[in-house]
1. So what does A:Tyr142 come to for accessible area, using a 1.4 Å probe and Å² rounded to 10?
2. Arrange the residues B:Leu134, A:Leu227, A:Leu211, B:Leu23 by how much accessible surface each exposes, largest first, with a 1.4 angstrom probe.
3. Leaving out ligands, DNA and RNA but keeping every protein chain, what accessible area does B:His206 have, in Å² rounded to the nearest 10, with a 1.4 Å probe?
4. What shape does chain B take by its C-alpha gyration tensor, where a ≥ b ≥ c are the square roots of the eigenvalues and a/c under 1.5 counts as rounded, a/b above b/c as prolate, and the rest as oblate?
5. Need one number: % antiparallel among DSSP beta bridges in the range B:155-259, to the nearest 5.
6. Summing -39500 (n - 2.57) over the DSSP H runs of n ≥ 4 in chain A and dividing by its residue number, what mean residue ellipticity at 222 nm do you reach, to the nearest 500 deg cm²/dmol?
7. Which of the residues in the range B:118-150 lose at least 20 Å² of accessible area when you go from the chain alone to all protein chains together (probe 1.4 Å)?
8. How large a share of the accessible area of chain B, in percent, is made up of carbon and sulfur atoms when the probe is 1.4 Å and the other protein chains stay in place?
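The values are calculated or read from the model by the stated rules, or taken from the named source; none is laboratory data. All of these numbers come straight from a predicted model, not from anything done at the bench. Reconstructed Cβ throughout: ideal geometry from the backbone, glycine too, with neighbour counts over all protein chains shown. Quick note on the areas: whole protein, heavy atoms, side chains included, nothing else; ligands and nucleic acids left out. Shrake-Rupley method; radii C 1.70, N 1.55, O 1.52, S 1.80 Å.
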Amino acid sequence: MFFDLEGDRIGLRENVRMRNGLRGLAVPLLMVLLWWLAAESGIGVGILPSPWEVIITFKDLLASGELQAHVKTSLLRIVQGFFLAVGLGVPAGILAAVFPPFAQYVSPILGFLRQVPPVAWIPVLIMVLGIGEATKLAVIVYAAFFPIFMNTILGITQIDDHFWEVARLLEFSSREILWELILPASAPSLIAGLRLGMSNSWRALVAAEMLAAFSGLGYMIMAARSLVRMDEMFIGIAVIGILGLAIDWGWKLLEGYVLRWQNRE
Amino acid sequence: MKDTYSAGRIENNSADTFPMIELSNVSKEYIVGGSQLSVLQKLSLNVAPAEFVSIIGQSGCGKTTLLHMIAGLNQPTEGQIRIRGKLVKGPGRDRGLVFQEPRLFPWATVAHNIRLGLPDRGRDEGRLWELLRLVGLQDFAQAYPRELSGGMAQRAALARALAGSPEILLLDEPLGALDAVTRLKMQDQLMKIWQEGSLTVVAVTHDIDEAIVLSTRIVVLSPRPGRIKGIIPVDLPYPRDRTALDFNVYRQELLAVLE
């Protein structure tokens, strides 16, 4: 039908999107299938649990509220640490971008620290701060700080000189320079930094919880190891991955909203 | 004679003894690659209130530099620029500038871009809408700059420059990038705005016809370094007919000076 061409094309586009989405599901489904076959055929008896067993354990963990408690603890740590990192990284980035001397003072030491992964600090932090919340918080802040700081600087230094001229011409106050020029103009880079910072801190947190915690998803995996509970470890890993994905998806939505002025497609 | 541009319009406003814009011995030099480059040399010019002065010349004659210095974005290396007798030290509400490019903030809507030009930043919504209507963008108030055509973007930039109710409007080839039809429409619009208000306009252009259609005086600059080569007063009644015989006379005169 000629007259329904447009409708046909829209339908086609939806089909394509659905097909692409299904393709992404094929690999995990295949993995579960192989896993199930392996468990059924008795490979790794006593070590490898079957998918079915994992689902039952998952239900038990949910019913006892244990899983929710670990998730809540981990998420709370991330939120606290992340906001601290934003509070430090964004102002420091603005300072470094606007006052070059500040950048000259801090860039060598920050360049050095950037090369040291957060996990390397955990033993030191345990010695200094103990196994309390402070250690985990410090690890998260450390992991999130650098991408946030670096991307803030990048975003600001990339602002077109032409826009600074407009700000001078319209006699912007310092507040207007911050809110009407610096922040919106550097938003694309800033948000990329925040997104990367959060995904870094999520990874670092799990490591910190494995080494220095009595709660949280990282701890749950370590505790399961000492009890030889592979099923619980799998659940821990799956929950970490899925929560990470969900957080990143949330960032994409936020990005789309904040940067709606940009050219889409 | 009713539409004639009369000298009376100037005299009415010249009760105060200072010219609206006074350039005295203005020179500008830049250091480019270690060597000194003279962009403008000993330029002197007075602009009376409500005049429409076009500055014309080849590229590289320092037209944009001159305009930016009047706007206060740039300081002359030598000489002085005065507005109503007061030395220009920086940008001010008394002058509005339209850049060669629209230079709208891409992250802000049209309304917000214009709002940022208002001295009270748009707490007075009425003034904002007045400006939007003036440039015919009331239906695009909530559009983002990427959704505008070139002509619409320049109109938004014009509204932003007019938002501060300046006495002086500085135009840096704002119509240069537009197609011929849009350009003519914008010229008419500019004419209307100039004739309705008591604006003094200094416009940089390299379009001979545009200069003759719009200006009370045309200043011709020579390139490298920019010097005044000639000043041509245009004594034609407004609105001007591009096809009139007199129009051609000015065209020839201007071309002769430009040669």
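1. Counting only protein heavy atoms, A:Tyr142 exposes about 40 Å² to solvent.
2. A:Leu227, A:Leu211, B:Leu134, B:Leu23
3. Taking all protein chains as shown, B:His206 has close to 110 Å².
4. On the way: a/c = 1.43, a/b = 1.20, b/c = 1.19.
It comes out rounded by the Cα gyration axes.
5. Working: 6 of 11 bridges.
The answer is about 55 percent antiparallel.
6. Working: 10 runs with 212 residues, N = 265.
Helix contribution divided over all residues of chain A: -28000 deg cm²/dmol.
7. The answer is B:Arg121, B:Tyr144, B:Arg146 - residues whose exposure falls by at least 20 Å² when every protein chain is included.
8. C and S fraction of accessible area: 52 percent.
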